[in-house]
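Where a number appears in this text, it was derived from the coordinates with a stated rule and is not lab data. Here the structure is a predicted model, which is why all the values come from computation and not from measurement. So basically every Cβ, Gly included, is an ideal-geometry build from the backbone, and we count neighbours across all protein chains shown.
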Amino acid sequence: MLADKRLKILFAIIVAAIIAMLNVEPIAQDPAYHNFADQRHILGMANFFNVLSNLPFVIIGIMGIRLVALHKASGGLAELQAMYLTFFVGTLLIGLGSAYYHYRPDNHTLLWDRLPMTIAFMALFSAIVGEYVSSRLAWKLFIPLLILGIVSVAYWQVTELKGRGDLRAYALVQFLPALLIPLILWLFDSKLNGDKYIWGIVAAYAASKLMELFDAQLYSVFGLLSGHSLKHLFAAFATLMFYWALRERRRS
């Protein structure tokens, strides 16, 4: 399979990213990360909007689990249903874990925010590989990638507890798929129509990271919602687009 030049390009990028990660000094969690712009207490709840803005993840996660469990995900491939289900389970857990973290933000609760994100990321990436590259390759990657994602968060937490935090593996797990998915969309043709949904997911996720970057600035402009709350809403919209994709797409 690696005789395909397109796969060689992907493989070279993965190897280069791993080498780059190993040549960077360990990255500890910045304590200032927990100081979000909007820390208002409303109805007795700390960080009210940062907590509440996770509700769409819970709703969309339940919708997606139901869609796949009832065998109504006709916009996907039958052989990838387990990956779709895992993605929506991860989405549901993101809503719960992130709400818990934002209610009491520190490094210990951050574990439960990041852990489900890796589950959703790895399941989505495996599904994209299955839809665009090879279902067989996707199944070879699926379980190892899930394990890798979970281990990356556990490794960060263990090193943080030992006073030498290291986020390098987690950063690789989060950002490498975000780089590879657009490249896969460009290099390969899907077995399904509706590339617009997947490109929409990429765009919404990129927008969510921008919202996060300008947390305080957006809060000062909008007043009601901070950039971090908007990040949650944009990221949840990305998961909703995948839900729509699994309902609307058809085989090419």
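Give me HIS34, HIS228, HIS102 sorted ascending by neighbouring Cβ count inside 10 Å, so fewest comes first.
Listed from fewest to most nearby Cβ atoms, that is HIS34, HIS228, HIS102.
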Practice problem: Report P(r) for the chain: all Cα-Cα distances, bin width 10 Å, range 0 to the bin holding the largest distance, values in whole percent. | Solution: 7, 29, 36, 22, 6, 0
Self-check item: Those lysines that a straight Cα-Cα span of less than 17 Å connects to LYS231, excepting residues fewer than 8 apart in one chain
Solution: LYS209
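Given 0.36 nm per residue, what is the gain on full extension from LYS140 to TYR103 after removing their alpha carbon distance, in nm?
Result for the pair: 9.5 nm of gain on full extension.
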Quiz item: So what's the net charge close to ILE94: Lys and Arg +1, Asp and Glu -1, counting the other residues with Cβ under 14 Å from its Cβ?
Solution: +1
Practice problem: Enumerate the amide H contacts of LEU192 below 5 Å, restricted to partners 5 or more residues apart or on another chain; note that Pro and chain-start residues carry no placed amide H. | Solution: SER252
Quiz prompt | Between 0 and 90°, nearest 10: helix 55-69 axis offset from the chain longest Cα axis | solution = 30 degrees
Self-check item: Loop-resident sites, the range 94-197, for trypsin sites (Lys or Arg not before Pro), counting at most 11 other Cβ within 10 Å (DSSP)
Solution: LYS162, ARG164
